[in-house]
Amino acid sequence: MSDAHDHGLPPKSSVSRWFLTTNHKDIGVLYLITALFFLVFGGLLALLFRLELITPGADLLGSLGYNQAVSTHGLLMVFWFISPFAFGFANYVVPLQIGADDLAFPRLNALSYWLYLFSGVLMGVSFFQGTTFAGGWTMYAPLNTPAYIPGEGLGATSVVLALIMFTAAVTLGSVNFLTTMYRMRAEGLRMRDIPIFSLSINLTVWMMLFAFAALLAALMILASDHILGTTYFQFANDGSTLATDADNPGASLLWAHLFWFFGHPEVYIVFFPALGVMAECFQTFTGRRLVGRKWFIISMVLVAIQSFVVWMHHMFLTGINLPIKTIFMATTIGISLPFDLMVFSLIYTMAKGRVRFTTPFLFSLGALILFIVGGITGVFLGAIVLDYQFRGTYWVVAHFHYVMVSGATALFGGLYYWYPKITGKMYDETLGKIHFAVYFVGFNLLYFPMFVAWETPRRVFEYSRDLQIWHSMATVGGFILGASMLIMFYNLFVSLWRGEDAGDNPWDYATTAEWAVSSPPPLENFPGVPTYADGSLSFMDDAEVARRTSGSGGSGVAADGGTAADGGTASVTTAATATPASPAHETAGEEHASHASFWPFLVSLGGFVAFLGLSGVRTGSVVYVSMAAVGGLATFGALFGMTREPFHAPEMPIAERWPFDSVEKMKLGMWTFLASDIVLFGAFIGSYAFVRVAYGWSEWHHDLIPAEHVTMPGLINTYLLLTSSFLVVLAMVAAERESKKGTTAALAGTFALGVGFLVNKGLEWQHLFHIHTEMFPNGWNLSTNIASSTFYLTTGLHGAHVTIGLVICAYMTYRAWNGAYQGDDRAIEYFGLYWHFVDIVWLFLFPLFYIL
Amino acid sequence: MDWKGYTVIYVVLFVFATAQAVVEFAGLVDSAYWVAFGVIMVLSVVKAVGVAAYYQHLRWEPRSVTYLVLGGTVAALALTAAAAYSIV
Ligand code: HEM
Ligand SMILES: [Cu+2]
C-alpha cells in the first residue's frame, strides 16, 4: 500500500503505528490482544483460589489474599476481559458489515481503547497499594467504604477509580457505535437488514449507554465516599459507632439498587455479542439463513428493553417488600421466554441445514449447550422461594459461570471465525478441534460439580468436608480449562507464520460484507462507496457518487457530508474537491481522511496518572497530591491538543440513516451522550430520593438541614443559568446573521453568567460549611449527614458540568472573537445542546434541594 | 426560530422559576406540602420541556431524537420509582 494511501500512518510492523492509529481494524486488534491479556490475568487469579479450595480453609492465600483474588477475578473477567474482547470483534467487523470505512469518530474510538487499557493498568497497580479491593465483584455496601476496608484502603479506591475510567471508555464507545450505525450504513441497508452480529452489537451498545451511566453514578458516589468523605454508603458518620444504620437506613440498599440496575443489563451486555457470533457461525456453517430471523431480532429487542426491569431478582433476600419481589419474579420469568425463542431458532437452523463441524461451529454449538444449562438454572433462581435457598451458594456461582463463560465460549468461536479475515492466515483446524474438546471437558468438570456441591457458601473458603471431592474435581477442571487455552494461543500464534493463506473468504456460505474484501481488508475497507440499492453489494465510483450527490442535494455531500472533525469543530468541504484522477474510493472530502493521532494515548496517560494520584490524596502524601495535579493538567492539555489537531473524518456521501436522516453526526453523537448523561443525573437524583424515602421524606428536612440553608441562592442561580441559556441561543441567531460582535458578546455573556453561578454557589457553600448553630456546631459539610452529602455531591456534579461548559465556552468566545462561526452556527448549537441540558438539570435540582 | 420567539420562551421560564419560589415564600410548602410539591414539580417539568423543545430544537428534529431523550428519562424514572417503592 502506498504512503499516500496510509495518510501518515506507519506500517503495521512499526511500533509507533499502534500508538497512533485511529483505524477501527487496528483498534479491534488492540482490543482483542489486551482483552486476552486480562483473561490470563483473571484466569491465573482463579487458578490460585481454585488451588486454595481443593481443601477447606485458607491455608494457601490467607483470608485477605483469598478475598482479594476472588473479588478482582470477578471484576477483571466481567469488565476487563469479556466485553472488551467482544468489542475487539465489534470494532473490526461492524464497520465492514455495515459498509462504513471506519467508526464515526475515529479518535474517540482510540480514546476508548486507551482509557480501557489504562484503567486495566490502574487495576493492576492497585495490587501494590497494600491490598486491592476485597469486597466481592458486586462491591456491596458498606463493605465497599473505607471504614470497613482493612488498612488504608488505597488499593480499593484505585479499583473504584479504575472502574470509573473503564466506564468512561464504554460510554464514549457506545456513543461512537450508535452514531456510526445510524449514520454510516451502506445505501439500501435497513436497520433490520444488517448482519445479525452487527445487530447484536447495536443492541448491546444501547444497553451499555444507559446501564453504564447508572454504574457511573454508583461509582462516582462511592469514589466520593472514599475521597471526599461523603456518607452515602456508610451507616455511621462519627467514626466511632459502625453498627447502627439509624442515621442512614438506605445506605446498603442504595448500592444494591444502583449496582443491579446496571448489573442485570450487564449480563446481557456480556451475552449479546456472543449470541451474535453464534448466530453468524450457525448461518455460515449450516449454509442456512437463521430460521425465524425476524422473530430472533424481535426477541433480542424485547430482551434488551426488559433487561432494565428485572434487577431486583438479585435482591430477593434483602429487605425490599414482597409485592415488588413478586413483580420482579414475574418480569424475570417473562424475560426467559424470548430467550427460549432464540435458542429454538438456533436449533432449527442447525436441524434444517447441513452442518460443517469446523472449530468456530463447535465453539458456537458448545456455547449453546452451556447456555441452555445456565439459563434453566437461572430460572430456578428467579423464583423467590427457591432463591431463598440458593442465594449466596455455589448454585449461583455455577449458574452464572454457565451463562457467562458460555458467552466467552462463543467469542472464542468468533476468534477462530474471524482469525483468517484479520490475519489473512488459516489456523490449524485439528488443533482447533482439540482445543474445543479439552475446553469443553475442562469447563464441565470445573463448573458442573458446583451444582452438585451447591450447599457450599459462596465467597467463603470454608466448606463442609463432605463436599471436598466435588471441589477437588472442580480444581482439576479449572486447570484443564486453563491448559486448553494454551493450545489456542499456540495455534493462533504459530499460524501467523505457518498458516496457509486464507483468501478473501475461506468459509463457503459466509455472506456478510467483511468476506467480500481481501484478508486483511485495506485501510479504507472498500473499493468505492458500498451500496445495496439493487439488492446485493456493489461499489459506486467517484463519478457515480458525484452524479448522485450534485443534483438532488438532500442527504448528499453538499448538505451534510464532510463536516466535522470528530471532537473538534465543524468545517465544511464541498463535493467539488473530488478529482477524477484520485483512486475510485477517494470520493468527495474523503481524500483527506485522517487515521493517526497521538492525543488519545496522551489523554489516557494523563488520566491514569491523575486517578492514581486521586486514590491517595486523602493521605495528604505529596507524591499522590502532585500526581493528581500533574495528571489532571496533562489530561487537560492533551484534550486541548486534540481539539486543536486538524483531523478529518468525513461523513459518507451516500448512506442509509434511518431514523436519524437529518441529524448530522456531531449532533447525533451529542444527543446520544446527553441521553446517557440524563441517566447519570437521574441516578444521582434517584439516589437522593431513595435515601430520603428511607430516612423519612418529611423528617429529612427538619432533622438534617440547617435553617441557614435558604432558597435565595438557588433562585438567583436559576435566573443566572436561564439567562445564560438564552444568551447561547442569541449567539446562534447572531452567528446566522454573520454578526461577529453579536456572537462574541453573547458567548462572553454566557461565560460571565456561568462564572457568576459558580461564585454564588461557592459563597453559599462557604457559608454553610462554617455555620455554628445548636444543631450543627461544627458547620454543615460533606460528612455532616446524609442530607449534606446528597446536597453537596449532586449540586457539585452539576457544578462540574458547568465548569466543563465554561471551559468550552471560553474557547468558543475566543474563536468567535477571531471571526469563527459566522454563517455556520452548528458548533454553537452543539455546545448549546450541552449547556441547555445542564440548565435543565438545575431546573430540577433547584426545587428538590432548595424548596421541597 | 428568531430572537423574538426565544425571548418569549425566556420570559416564560423566568416567570415560572419565580412562581416556584413564590409557592415557598407564600408558606404553601409548610401548610400543604404535597400540593406545593405537585405544583413545583409540574412547573419544573414544563420548564424543562420548554428548554428542550425550543432552545434545544427538539421540536424541529426528527421524532427519533425525542425518543432517545425519553428513553434515558424513562430509565432514570423507572430506577427511582421502583427503588423508592421497594422500601415503602
Ligand atoms: C435466562 C434467564 C436467566 C435468569 C432467569 C437468571 C436469573 C438469575 C437470578 C435470579 C440470579 C440471582 C441469584 C442470586 O443471587 O440469588 C442470577 C444471578 C446471576 N446471573 Fe443470571 N439469569 C439468567 C441468565 C443469565 C445470563 C445470560 C447471564 C450472563 C451472561 C447471567 C449472569 C448472572 C450472574 C453474573 C449472576 C450472579 C450475580 C452475583 O454475583 O450475585 N444470568 N441470575
Ligand atoms: Cu439478573
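Points to keep in mind about this one:
- Packing here is the average count of other Cβ atoms within 10 Å per residue, and on that basis the peptides A:827-833, B:59-65, highest first, run A:827-833, B:59-65.
- Between the C-alpha center of the range A:39-61 and that of the range A:158-194 there is a gap of 35 Å.
- Inter-chain shielding of A:678-689 (mean C-beta neighbours from other protein chains, 10 Å cut-off): 5
- A:470, A:418 arranged by Cβ crowding within 10 Å, fewest neighbours leading: A:470, A:418
- Cα-Cα pairs of chain B separated by more than 18 Å (percent): 60 percent
- Efficiency of FRET from Cβ geometry, residue A:430 and residue A:479, R₀ 35 Å, rounded to 0.05: 0.95
- Couplings 3J(HN,Hα) for the range A:742-749, derived from phi with the Karplus relation 6.51 cos²θ - 1.76 cosθ + 1.60 (θ = phi - 60°), are x, 4, 4, 4, 5, 5, 4, x Hz, where x marks Gly and Pro.
- Three-way shape label, the range A:409-522, alpha-carbon gyration tensor, a/c 1.5: prolate
- About its Cα centre, the protein assembly as shown has a charge dipole of approximately 960 debye under the convention of +1 per Lys or Arg Cβ and -1 per Asp or Glu Cβ, with nothing else charged.
- Under 5 Å from the amide H of residue A:540 lie the amide H atoms of A:529, A:531, each residue being 5 or more positions distant or on a separate chain, with H modelled from the backbone and absent for Pro and chain starts.
- Spin-label zone in the range A:268-308 - amide nitrogen under 20 Å from a point set 7 Å from the Cα of residue A:391 along the C-beta vector: A:308
- Taken along the Cα-to-beta-carbon direction at a fixed 7 Å, the label points for residue B:73 and residue A:344 span 3.9 nm.
- The orientation-averaged projection of the convex hull spanning the C-alpha atoms of chain A amounts to 35.3 square nanometres.
- A Förster radius of 41 Å, combined with the Cβ-Cβ distance separating residue A:298 from residue A:44, puts the computed FRET efficiency at roughly 0.50.
- From its DSSP helices (H runs of at least four residues, each -39,500 (n - 2.57)), chain A gives a residue-normalised ellipticity at 222 nm of -22500 deg cm²/dmol.
- Number of partner chain Cβ atoms within 10 Å, mean per residue of A:838-849: 5
- Test item: A:721-733 mean partner chain Cβ contacts at 10 Å: 5
- Placed amide H near residue A:656: partners under 5 Å, 5+ positions off or other chain: A:185, A:186, A:187, A:188, A:189
- Prolate/oblate/rounded label for the range A:651-729 (Cα gyration tensor, a/c 1.5): oblate
- Spacing of the two label points (7 Å from each Cα toward its C-beta) at residue B:60 and residue A:626, in nm: 5.4 nm
- Charge-dipole axis of chain A as Lys and Arg at +1 and Asp and Glu at -1 on Cβ define it, positive-most pick from A:672, A:746, A:34: A:34
- Across chain A, Cα pairs under 8 Å and at least six residues apart give a relative contact order of 15 percent.
- Computed FRET value (nearest 0.05) for residue A:33 with residue A:441, which takes r as the C-beta separation and R₀ as 30 Å: 0.65
- Kirkwood-type hydrodynamic radius, the range A:604-643: 9.7 Å, calculated from all non-identical alpha-carbon pairs.
- Pairs beyond 19 Å (Cα-Cα), from A:12/A:421; A:294/A:421; A:741/A:761; A:25/A:433: A:294/A:421; A:741/A:761; A:25/A:433
- Here the Karplus relation 6.51 cos²θ - 1.76 cosθ + 1.60, evaluated at θ = phi - 60°, turns the backbone of the range A:444-457 into coupling constants of 5, 5, 6, 9, 5, x, 5, 5, 5, 8, 4, 6, 5, x Hz, with x for every Gly and Pro.
- Extended-chain gain in nm, criterion 0.36 nm per residue less alpha-carbon gap, residue A:773 and residue A:18: 265.8 nm
- Length gained when the stretch residue A:644-residue A:759 is fully extended (0.36 nm per residue, less Cα-Cα span): 38.5 nm
- Inter-label distance for residue A:494 and residue A:539, nm, one decimal - labels placed 7 Å from Cα along Cα-to-Cβ: 3.6 nm
- Positive-pole candidate from A:463, A:452, A:483, dipole of the range A:444-522, charges at beta carbon: A:463
No value in this document is a laboratory result; all are computed from the given coordinates. All values derive from a computational prediction rather than experimental measurement. Cβ coordinates were reconstructed from backbone atoms using ideal geometry, including for glycine residues, and neighbour counts include every protein chain displayed.
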